[in-house]
1. Between a first residue in segment 50-61 that is part of a helix (DSSP H, G or I) and a second residue that is basic (Lys, Arg), which pairs have beta carbons less than 6 Å apart while being 6 or more apart in sequence or on different chains?
2. Go through (1) under 19 Å from the mean Cα position of the chain (by Cα); (2) more than 27 Å from Lys35 (Cβ to Cβ); (3) not small (Gly, Ala, Ser) one by one and return the number of the condition Glu105 breaks.
3. Sort through Gln113, Gln163 and tell me the only one that's exposed (fewer than 12 other Cβ atoms within 10 Å of the Cβ) and either touching a strand residue (DSSP E or B) at 6+ places or on another chain (Cβ under 9 Å) or part of a helix (DSSP H, G or I) (or both).
4. Can you find a residue that is of a type in the set (Phe, Trp, Tyr) and either touching a His at 6+ places or on another chain (Cβ under 8 Å) or closer than 23 Å to Ser50 by Cβ (or both) anywhere in segment 138-158?
5. Which one is nearest to Lys184 (Cα to Cα), of the residues in segment 133-160 that are among the basic types (Lys, Arg) and in a helix (DSSP H, G or I)?
6. Looking at segment 116-128, can you tell me whether even one residue there is surrounded by 15 or more Cβ atoms within 10 Å (Cβ to Cβ), of a type in the set (A, V, I, L, M) and more than 30 Å from Ile180 (Cα to Cα)?
7. Taking Ala30, is it part of a helix (DSSP H, G or I) and at pLDDT 95 or above?
8. With respect to Arg8, is the statement that it is within 29 Å of Ser162 (Cβ to Cβ), at pLDDT below 90 and assigned to a helix (DSSP H, G or I) true?
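The values are calculated or read from the model by the stated rules, or taken from the named source; none is laboratory data. In this text, all values refer to a predicted model and were calculated from it rather than measured experimentally. Here Cβ is always computed from backbone atoms with ideal geometry, including for glycine, and neighbour counts include all displayed protein chains.
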Amino acid sequence: MVSPFFARRGVLALGFGGIALLFAFPVQAAAGDLKIAVVNMNRAINSSESGERSKKILLASKFQKENELKAKEVQLRKMVEDARGNMMLSDAAKQQKEKDLRDREGDLRQEVQNAQRDLQEQERKLTDSIFVELKTVIAVLAQERKYDLILEQAASQVILYSQFKFDDITDEVIERYNKIQAKKS
């Protein structure tokens, strides 16, 4: 559900910021180990109940729009075949008919592009709202468990070596988020 652009943007923001924070804690690291966790945000977004609902909404919208566009495509193809089979038209009428059909084909292509853009925008809106709510859950969990740093899991893969242990708290984040969402319903 998370678009590659969004995932990369999140990894860069959380990844480089998180790595920079690792170097900001040298005094604390000397006094005691840093407590660090990772969260797979893609999985958290996609596996949460809200994420599952969002996927269903997007798939239903996609299926409906695909059916509408396929019906228009079939209609356009039939019109093209009818125009090719009509020998009674004058040259000027054939040229006009061909121009009309090219215009309709261009309109259909534009409609397909608009539908794709609309679905991407709808996905972004749904994902952004879940992402913001998940960050709140993560912040609460970080305070409760006294984590010094929580990274996006993909960002932790940028670190080739660390003496620190990284706890994966993705499942707990999903579980807590689902409980909060259930209370809202």
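1. That search, which allows pairs on different chains as well, returns nothing.
2. Result: Glu105 fails condition (1) only.
3. Exactly one of Gln113, Gln163 is exposed (fewer than 12 other Cβ atoms within 10 Å of the Cβ) and either touching a strand residue (DSSP E or B) at 6+ places or on another chain (Cβ under 9 Å) or part of a helix (DSSP H, G or I) (or both), namely Gln113.
4. Looking for residues that are of a type in the set (Phe, Trp, Tyr) and either touching a His at 6+ places or on another chain (Cβ under 8 Å) or closer than 23 Å to Ser50 by Cβ (or both), one finds none in segment 138-158, hence no.
5. Lys135
6. No: segment 116-128 contains no residue that is surrounded by 15 or more Cβ atoms within 10 Å (Cβ to Cβ), of a type in the set (A, V, I, L, M) and more than 30 Å from Ile180 (Cα to Cα).
7. The answer is no for Ala30.
8. yes
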